[in-house]
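The values are calculated or read from the model by the stated rules, or taken from the named source; none is laboratory data. Treat the numbers as computed from the prediction; the structure is a model and nothing was measured. Virtual Cβ from ideal backbone geometry, glycine too; neighbours counted across all protein chains shown.
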Amino acid sequence: MENIDVTNMSVCGGILCLDFINTVSEWLPETGKEYITHHEALIKWTKRMDFLSPKAFRAYEIAARRLEPQQQVSALKYFRQVRQCMYEVMNEVAKKKKVAGPFDQLGDHIRSSNRHLIYKKDAAGTVSASFDEQYPAMIPVWHALQSAASLLLDAAQWNRVRSCPSCGWLFLDSSKGGKRKWCDMTLCGSRDKASRYYYNHKQ
(Lines give C-alpha, C1' and ligand atoms only; values in the text may rest on other atoms or scores of the structure.)
Protein backbone atom coordinates (compact mmCIF):
# COMPACT_ATOMS: atom_id res chain seq x y z
CA MET A 1 0.00 0.00 0.00
CA GLU A 2 1.27 3.46 -0.87
CA ASN A 3 2.44 5.52 2.08
CA ILE A 4 0.43 8.75 2.01
CA ASP A 5 1.99 11.94 3.32
CA VAL A 6 1.98 15.66 2.53
CA THR A 7 3.94 15.11 -0.67
CA ASN A 8 1.37 12.83 -2.32
CA MET A 9 -1.89 13.26 -0.41
CA SER A 10 -4.95 14.29 -2.38
CA VAL A 11 -5.49 18.05 -2.67
CA CYS A 12 -9.13 18.64 -3.52
CA GLY A 13 -10.48 21.34 -1.21
CA GLY A 14 -10.65 23.94 -3.95
CA ILE A 15 -9.56 26.74 -1.59
CA LEU A 16 -6.58 27.00 0.76
CA CYS A 17 -8.52 27.00 4.02
CA LEU A 18 -10.24 23.71 3.15
CA ASP A 19 -6.98 22.12 2.02
CA PHE A 20 -5.57 23.28 5.37
CA ILE A 21 -8.42 21.49 7.14
CA ASN A 22 -7.87 18.35 5.07
CA THR A 23 -4.42 17.65 6.48
CA VAL A 24 -5.64 14.58 8.32
CA SER A 25 -6.53 11.41 6.44
CA GLU A 26 -10.18 11.67 7.47
CA TRP A 27 -12.54 13.44 9.83
CA LEU A 28 -15.16 10.68 9.81
CA PRO A 29 -15.97 8.51 11.63
CA GLU A 30 -13.20 10.06 13.76
CA THR A 31 -10.04 12.05 13.20
CA GLY A 32 -7.65 9.92 11.17
CA LYS A 33 -3.94 9.91 10.42
CA GLU A 34 -2.10 13.18 10.97
CA TYR A 35 -0.25 14.39 7.88
CA ILE A 36 1.49 17.34 9.57
CA THR A 37 3.46 15.10 11.89
CA HIS A 38 6.48 17.35 12.38
CA HIS A 39 7.79 20.76 11.43
CA GLU A 40 9.42 19.54 8.23
CA ALA A 41 6.05 18.23 7.06
CA LEU A 42 4.59 21.71 7.55
CA ILE A 43 7.34 23.19 5.38
CA LYS A 44 6.71 20.57 2.68
CA TRP A 45 2.95 21.19 2.80
CA THR A 46 3.52 24.93 2.45
CA LYS A 47 5.72 24.37 -0.60
CA ARG A 48 3.19 22.04 -2.20
CA MET A 49 0.25 24.40 -1.67
CA ASP A 50 2.19 27.07 -3.59
CA PHE A 51 0.55 30.11 -1.97
CA LEU A 52 3.91 31.82 -1.43
CA SER A 53 6.07 33.23 -4.21
CA PRO A 54 9.39 31.38 -4.65
CA LYS A 55 11.22 34.24 -2.94
CA ALA A 56 8.75 34.39 -0.05
CA PHE A 57 8.82 30.63 0.38
CA ARG A 58 12.61 30.56 0.49
CA ALA A 59 12.63 33.25 3.18
CA TYR A 60 9.99 31.34 5.15
CA GLU A 61 11.85 28.05 4.77
CA ILE A 62 15.14 29.49 6.01
CA ALA A 63 13.50 31.20 8.98
CA ALA A 64 11.38 28.16 9.84
CA ARG A 65 14.37 25.83 9.88
CA ARG A 66 16.20 28.15 12.28
CA LEU A 67 13.53 27.77 14.94
CA GLU A 68 14.40 26.14 18.22
CA PRO A 69 12.80 22.71 18.83
CA GLN A 70 10.36 24.16 21.36
CA GLN A 71 9.30 26.84 18.88
CA GLN A 72 8.65 24.13 16.29
CA VAL A 73 6.50 22.22 18.77
CA SER A 74 4.55 25.38 19.56
CA ALA A 75 4.02 26.06 15.84
CA LEU A 76 2.59 22.57 15.29
CA LYS A 77 0.33 22.94 18.31
CA TYR A 78 -1.00 26.24 16.99
CA PHE A 79 -1.50 24.71 13.50
CA ARG A 80 -3.64 21.92 14.95
CA GLN A 81 -5.62 24.20 17.26
CA VAL A 82 -6.54 26.51 14.40
CA ARG A 83 -7.30 23.58 12.10
CA GLN A 84 -9.69 22.00 14.61
CA CYS A 85 -11.45 25.32 15.17
CA MET A 86 -11.68 25.99 11.43
CA TYR A 87 -13.00 22.48 10.75
CA GLU A 88 -15.78 22.81 13.30
CA VAL A 89 -16.92 26.13 11.80
CA MET A 90 -16.64 25.10 8.16
CA ASN A 91 -18.28 21.74 8.77
CA GLU A 92 -21.35 23.57 10.05
CA VAL A 93 -21.28 25.73 6.92
CA ALA A 94 -21.16 22.57 4.80
CA LYS A 95 -24.01 20.85 6.59
CA LYS A 96 -26.32 23.67 7.68
CA LYS A 97 -25.27 26.59 5.45
CA LYS A 98 -24.79 28.82 8.44
CA VAL A 99 -21.91 29.95 10.62
CA ALA A 100 -21.88 28.07 13.90
CA GLY A 101 -19.42 26.21 16.08
CA PRO A 102 -16.50 28.12 17.64
CA PHE A 103 -16.91 31.09 15.29
CA ASP A 104 -15.79 33.66 17.88
CA GLN A 105 -12.60 31.69 18.45
CA LEU A 106 -11.95 31.53 14.71
CA GLY A 107 -12.57 35.26 14.49
CA ASP A 108 -9.95 35.83 17.18
CA HIS A 109 -7.43 33.79 15.18
CA ILE A 110 -8.22 35.79 12.03
CA ARG A 111 -7.83 39.10 13.84
CA SER A 112 -4.52 37.91 15.24
CA SER A 113 -3.26 37.12 11.73
CA ASN A 114 -4.44 40.53 10.50
CA ARG A 115 -2.07 42.24 12.91
CA HIS A 116 0.87 40.78 11.03
CA LEU A 117 -0.20 41.92 7.56
CA ILE A 118 2.02 44.45 5.78
CA TYR A 119 0.72 46.41 2.80
CA LYS A 120 3.18 47.64 0.19
CA LYS A 121 2.90 49.77 -2.94
CA ASP A 122 5.30 49.32 -5.85
CA ALA A 123 6.50 51.92 -8.35
CA ALA A 124 3.51 51.28 -10.59
CA GLY A 125 1.12 51.96 -7.74
CA THR A 126 0.08 48.33 -7.30
CA VAL A 127 -0.70 47.36 -3.72
CA SER A 128 0.26 43.95 -2.34
CA ALA A 129 -0.03 42.36 1.10
CA SER A 130 2.28 39.97 2.89
CA PHE A 131 2.97 38.88 6.45
CA ASP A 132 5.82 40.15 8.56
CA GLU A 133 8.54 37.72 9.63
CA GLN A 134 8.18 38.21 13.36
CA TYR A 135 6.83 34.66 13.73
CA PRO A 136 7.80 32.83 10.52
CA ALA A 137 6.44 29.47 11.64
CA MET A 138 2.92 30.96 11.73
CA ILE A 139 2.90 32.20 8.13
CA PRO A 140 1.19 29.09 6.63
CA VAL A 141 -1.52 29.23 9.30
CA TRP A 142 -2.03 32.96 8.77
CA HIS A 143 -2.52 32.42 5.04
CA ALA A 144 -5.10 29.72 5.76
CA LEU A 145 -6.90 32.08 8.14
CA GLN A 146 -7.04 34.81 5.50
CA SER A 147 -8.48 32.25 3.10
CA ALA A 148 -11.11 31.29 5.68
CA ALA A 149 -12.01 34.95 6.19
CA SER A 150 -12.45 35.36 2.44
CA LEU A 151 -14.76 32.35 2.27
CA LEU A 152 -16.82 33.43 5.27
CA LEU A 153 -17.34 36.89 3.77
CA ASP A 154 -18.61 35.42 0.50
CA ALA A 155 -22.04 33.99 1.24
CA ALA A 156 -22.31 32.74 -2.35
CA GLN A 157 -19.51 30.29 -1.63
CA TRP A 158 -21.24 28.87 1.43
CA ASN A 159 -23.67 26.94 -0.76
CA ARG A 160 -20.71 25.29 -2.49
CA VAL A 161 -18.98 23.98 0.65
CA ARG A 162 -19.50 20.23 0.93
CA SER A 163 -18.56 17.51 3.38
CA CYS A 164 -17.52 14.18 1.91
CA PRO A 165 -19.91 11.53 3.32
CA SER A 166 -17.13 8.95 3.35
CA CYS A 167 -14.19 10.70 5.03
CA GLY A 168 -15.53 14.08 6.16
CA TRP A 169 -13.06 16.14 4.13
CA LEU A 170 -14.41 19.54 3.10
CA PHE A 171 -14.37 20.92 -0.44
CA LEU A 172 -15.85 23.56 -2.71
CA ASP A 173 -18.24 22.06 -5.21
CA SER A 174 -17.36 23.70 -8.52
CA SER A 175 -19.25 21.16 -10.65
CA LYS A 176 -21.64 22.57 -13.24
CA GLY A 177 -24.73 21.09 -11.63
CA GLY A 178 -23.57 21.51 -8.06
CA LYS A 179 -24.01 17.80 -7.42
CA ARG A 180 -20.48 16.76 -6.53
CA LYS A 181 -20.65 14.28 -3.66
CA TRP A 182 -17.15 13.04 -3.00
CA CYS A 183 -13.97 14.85 -2.06
CA ASP A 184 -12.06 12.74 -4.60
CA MET A 185 -13.89 10.41 -6.97
CA THR A 186 -10.81 8.22 -7.39
CA LEU A 187 -10.61 7.66 -3.62
CA CYS A 188 -13.86 7.97 -1.68
CA GLY A 189 -16.04 7.63 -4.78
CA SER A 190 -14.32 4.41 -5.82
CA ARG A 191 -14.44 3.11 -2.25
CA ASP A 192 -18.19 3.70 -2.11
CA LYS A 193 -18.75 1.97 -5.44
CA ALA A 194 -16.70 -1.01 -4.29
CA SER A 195 -18.67 -1.20 -1.03
CA ARG A 196 -22.02 -1.07 -2.84
CA TYR A 197 -20.84 -3.70 -5.35
CA TYR A 198 -19.80 -6.00 -2.51
CA TYR A 199 -23.08 -5.47 -0.66
CA ASN A 200 -25.24 -6.04 -3.75
CA HIS A 201 -23.42 -9.23 -4.72
CA LYS A 202 -23.43 -10.55 -1.18
CA GLN A 203 -27.19 -10.64 -1.09
Taking Lys77 as the residue in question, decide whether it is in contact with a strand residue (DSSP E or B) (Cβ under 7 Å, 6 or more places away or on another chain), assigned to a helix (DSSP H, G or I) and surrounded by fewer than 19 Cβ atoms within 10 Å (Cβ to Cβ).
no
Report yes if some residue within segment 184-196 is surrounded by 12 or more Cβ atoms within 10 Å (Cβ to Cβ), among the basic types (Lys, Arg) and at pLDDT 90 or above; otherwise report no.
no
Only residues that are in a helix (DSSP H, G or I), of a type in the set (A, V, I, L, M) and closer than 17 Å to Asp104 by Cα: list them for segment 149-163, please.
Ala149, Leu151, Leu152
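Considering only residues that are assigned to a loop (DSSP other than H, G, I, E, B) and surrounded by fewer than 18 Cβ atoms within 10 Å (Cβ to Cβ), which ones fall in segment 19-50? Step through it out loud before you land on a result.
Of segment 19-50, the ones assigned to a loop (DSSP other than H, G, I, E, B) are 22-23, 25-33, 35-38, 50.
Passing the criteria: Ser25, Glu26, Leu28, Pro29, Glu30, Thr31, Gly32, Lys33, Thr37, His38, Asp50.
A quick yes/no check of all residues on (1) assigned to a loop (DSSP other than H, G, I, E, B); (2) modelled with pLDDT of 90 or more; (3) of a type in the set (Lys, Arg); (4) loosely packed, with under 12 Cβ neighbours inside 10 Å:
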{"site": "Ser128", "(1), (2), (3), (4)": "no, no, no, yes"}
{"site": "Gln134", "(1), (2), (3), (4)": "yes, no, no, yes"}
{"site": "Met138", "(1), (2), (3), (4)": "no, yes, no, no"}
{"site": "Ser147", "(1), (2), (3), (4)": "no, yes, no, no"}
{"site": "Pro165", "(1), (2), (3), (4)": "yes, yes, no, no"}
{"site": "Gly168", "(1), (2), (3), (4)": "yes, yes, no, no"}
{"site": "Gly178", "(1), (2), (3), (4)": "yes, no, no, yes"}
For segment 56-78, does any single residue satisfy the condition of being without any contact (Cβ under 8 Å) to a residue 60 or more places away in the chain, of a type in the set (Asp, Glu) and over 30 Å from Trp158 (Cα atoms)?
yes
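I'd like the residue in segment 47-66 that is under 14 Å from Val141 (Cβ atoms) and not aliphatic (A, V, I, L, M) and, out of all such residues, is modelled with the lowest pLDDT. Steps first, please.
First, pick out the residues of segment 47-66 that are under 14 Å from Val141 (Cβ atoms): 49, 51-52, 60, 64.
Within this subset, residues satisfying the condition of being not aliphatic (A, V, I, L, M) are 51, 60.
Values: Phe51: 95, Tyr60: 92.
Out of the qualifying residues, it is Tyr60.
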What are the residues in segment 120-161 that are closer than 28 Å to Val93 by Cα and of a type in the set (Asp, Glu), if any?
Asp154
With under 22 Å from Trp27 (Cα atoms) and in contact (Cβ under 8 Å) with a residue 60 or more places away in the chain as the only criterion, which of Ala100, Ala148, Ala137 stands out?
Ala148
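Which residues, counting only those in segment 97-118, are aliphatic (A, V, I, L, M) and either exposed (fewer than 15 other Cβ atoms within 10 Å of the Cβ) or assigned to a loop (DSSP other than H, G, I, E, B) (or both)? Give the steps one after another, and end with the answer.
Taking segment 97-118 as the starting set, the residues that turn out to be aliphatic (A, V, I, L, M) are 99-100, 106, 110, 117-118.
Passing the criteria: Val99, Ala100, Leu117, Ile118.
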